[in-house]
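The values are calculated or read from the model by the stated rules, or taken from the named source; none is laboratory data. Because the structure is predicted, anything quoted here is derived from the model rather than measured. Methodologically, a virtual Cβ is constructed for each residue, glycine included, from the backbone with ideal geometry; neighbour enumeration extends over all protein chains shown. To get the accessible areas, we keep the full protein, side chains included, count just its heavy atoms, and leave off ligands, DNA and RNA. Shrake-Rupley method; radii C 1.70, N 1.55, O 1.52, S 1.80 Å.
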Amino acid sequence: MSTENMETATFAGGCFWCLEAVFQKLDGVQKITSGFMGGTVKNPAYREVVKGNTGHAEVVQLEFDPEKISYRELLLVFFTIHDPTTLNRQGNDIGSQYRSVVFYNSETQKQLAEVMIKELNEEYFEGKIVTEIVAATDFYTAEESHQNFYQTHRENAYCQAVIDPKLQKLRATFAGKLRK
């Protein structure tokens, strides 16, 4: 497949394992890399980020084909599979490294995220969304052991307790956008 029409999207919404597992299921998402963004430490290691001292959030960076899935659709999935109303927390994952952020890679992405948050606040969340909208900065790839985590560790208790319910919600809500 040609990569010339591909776009990049970067999201933080809790543990990157959860986001990665969900976005892997979407038709049109060609590549997903778990990593870190938004902090001050260059080339951070996972063990540093989880301590909450680097300023980085756990993120997934997606390469997607906008002819198969739009950025707006990616935003809808993102806001559906995590709680955008909790500050620096997703479930038992607590700390600024688990904050909710849309790291935009273009002015269009920024505007779409702003509109989405406005719509969701008016319709569903009564103005409680705390998701930040921030320009993408340097992306640092997480260690190899964190890539494709769900696919290689499905027996892991975290995968079963946290990721499996997110995948069930994805299947129930976005069945038409999933890989065949």
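What the table below lists for this structure:
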| item | result |
| --- | --- |
| Yes/no for Thr33 being of a type in the set (S, T, N, Q), within 18 Å of Thr137 (Cα to Cα) and in contact with a Gly (Cβ under 6 Å, 6 or more places away or on another chain) | no |
| Restricting the range 64-75 to residues that are open to solvent by 10 Å² or more (accessible area, probe 1.4 Å) and without any contact (Cβ under 8 Å) to a residue 60 or more places away in the chain, the residue that is nearest to the chain's Cα centre (by Cα) | Arg72 |
| Residue check for Val130: touching a Leu at 6+ places or on another chain (Cβ under 6 Å), modelled with pLDDT of 95 or more and surrounded by 13 or more Cβ atoms within 10 Å (Cβ to Cβ) | yes |
| Subset of the range 86-98 that is of a type outside the set (Phe, Trp, Tyr) and surrounded by 21 or more Cβ atoms within 10 Å (Cβ to Cβ) - its residue that is farthest from Glu7 (Cα to Cα) | Gln90 |
| Residue in the range 158-177 that is over 14 Å from Lys25 (Cβ atoms), among the aromatic types (Phe, Trp, Tyr) and assigned to a helix (DSSP H, G or I) present | yes |
| Meets criteria (more than 28 Å from Pro44 (Cα to Cα), surrounded by fewer than 12 Cβ atoms within 10 Å (Cβ to Cβ), of a type in the set (A, V, I, L, M) and free of Cβ contacts under 8 Å to residues at least 60 places away in the same chain) for Ala175 | yes |
| Test: Ser34 is small (Gly, Ala, Ser), under 20 Å from Glu144 (Cα atoms) and either out of contact with any Leu (no Cβ under 9 Å at 6 or more places or on another chain) or modelled with pLDDT of 95 or more (or both) | yes |
| One residue from Phe16, Phe36, Phe11 being in contact (Cβ under 8 Å) with a residue 40 or more places away in the chain and in contact with a His (Cβ under 6 Å, 6 or more places away or on another chain) | Phe36 |
| Number of positions in the range 143-155 that are surrounded by 14 or more Cβ atoms within 10 Å (Cβ to Cβ), of a type outside the set (Phe, Trp, Tyr) and not in a loop (DSSP other than H, G, I, E, B) | 1 |
| Some residue of the range 21-31 being touching an Asp or Glu at 6+ places or on another chain (Cβ under 6 Å), open to solvent by 30 Å² or more (accessible area, probe 1.4 Å) and on the phi < 0 side of the Ramachandran plot | yes |
| Candidates Tyr140, Tyr158, filtered to the one that is open to solvent by less than 70 Å² (accessible area, probe 1.4 Å), over 15 Å from the mean Cα position of the chain (by Cα) and hydroxyl-bearing (Ser, Thr, Tyr) | Tyr158 |
| Test: Phe23 is over 20 Å from Glu144 (Cβ atoms) and in contact with a Leu (Cβ under 8 Å, 6 or more places away or on another chain) | no |
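Quick grid of which residues meet (1) open to solvent by 20 Å² or more (accessible area, probe 1.4 Å); (2) farther than 20 Å from Cys159 by Cα:
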{"site": "Leu62", "(1), (2)": "no, yes"}
{"site": "Ile81", "(1), (2)": "no, no"}
{"site": "Lys110", "(1), (2)": "yes, yes"}
{"site": "Lys118", "(1), (2)": "yes, yes"}
